[in-house]
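Enquirer: I am attaching a structure below and will ask some questions about it afterwards.
The values are calculated or read from the model by the stated rules, or taken from the named source; none is laboratory data. Quick caveat, the model's predicted, so the values are computed rather than measured. Quick reminder, even Gly has a Cβ in these numbers, built from the backbone with ideal geometry, and neighbours come from all protein chains shown. All accessible areas refer to the heavy atoms of the entire protein, side chains included, with ligands and DNA or RNA removed. Shrake-Rupley method; radii C 1.70, N 1.55, O 1.52, S 1.80 Å.
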Amino acid sequence: MSSKTVLVTGATGYIGSRLIPALLNKGYRVRAMARSAAGLRNRPWSNHHRLEVAEADLQEPQSLALALRGCWAVYYLVHSMGTKGGDFVRTDREAATNLARAAEQEGLQRIIYLSGLGEDHPGLSPHLRSRAEVGRILQQSGVPTTILRSAIILGSGSASFELVRHLTEKLPVMLVPVWINTRSQPIAVSNVLGYLTDCLEQPETAGETFDIGGPDILTYGELLRTYAVIAGLSRPIFIKLPFLSPWLLSKCAQILTPVPA
């Protein structure tokens, strides 16, 4: 364990806000980075004696350099898919480039990046292609970069879990796209946090890429029906409609669940 500080970007996000207390419990000094410190004030760990808060923006290299100063490792846990009215691919590319450049200039020893699971090929969704591009940019920084490629992350509050929960509880009959039979390898958020923290303690992970997933490979349909069984609900009936677009599905999901389109 290093006495120097670990920077966590995306500190207010789902993973970041859970990773910070895990690192503090292991004895690390942590600097939580967010665009506004106000979003961190009411967290249970916000007054921890080994925690610092840095207001910085990945799109502002000067503030980013200050946030990284004195750190030995950084977790890259941000993506811009939810940015309103913007090009998230370009935004993520610029953010990763700024982080990579600043990390190298500040002499960091490690970058740990949580990416998406999927082979890097043209058939990937724009989202996963962007996540893969971010990984390449970080690896080209000169700072040893560990990439963890995760599939669906399940845990209370995660977008994936809340979609499964609310759709299953509200819709005994679902109109679904043909890719309801696409297979995935979901992983519990507790296991993701374990991989993230253990990477700091295992120097041989530096510069490597690892696919992380749980033991079960399920289709999206099986995942929904598994939740129904565990929750004591009727197994949902699926009606496949080939013309359902991601845009239409996202709008419907926004109406039925707390997850934004």
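Enquirer: Go through the range 108-126 and give me each residue that's at pLDDT 70 or above and surrounded by fewer than 13 Cβ atoms within 10 Å (Cβ to Cβ).
Expert: Ser125, Pro126
Enquirer: Mind checking whether some residue in the range 173-185 is within 27 Å of Ile112 (Cβ to Cβ) and polar (S, T, N, Q)?
Expert: Among the residues of the range 173-185, at least one is within 27 Å of Ile112 (Cβ to Cβ) and polar (S, T, N, Q), which makes the answer yes.
Enquirer: Do the conditions hold for Ser141, that is, is it free of Cβ contacts under 8 Å to residues at least 24 places away in the same chain and in a loop (DSSP other than H, G, I, E, B)?
Expert: No, not satisfied.
Enquirer: Tell me, please, whether a residue that is within 20 Å of the chain's Cα centre (by Cα), surrounded by 14 or more Cβ atoms within 10 Å (Cβ to Cβ), hydrophobic (A, V, I, L, M, F, W, C) and assigned to a loop (DSSP other than H, G, I, E, B) can be found in the range 232-247.
Expert: No, the conditions are met nowhere in the range 232-247.
Enquirer: Tell me which residues, restricted to the range 168-213, are closer than 30 Å to Leu108 by Cβ, open to solvent by 70 Å² or more (accessible area, probe 1.4 Å) and in a loop (DSSP other than H, G, I, E, B).
Expert: Correct list: Gln202, Glu208.
Enquirer: If you don't mind, there's one more thing I want to ask. So which of Arg129, Arg165 is within 30 Å of Ala228 (Cα to Cα), at pLDDT below 95 and charged (D, E, K, R)?
Expert: Arg165
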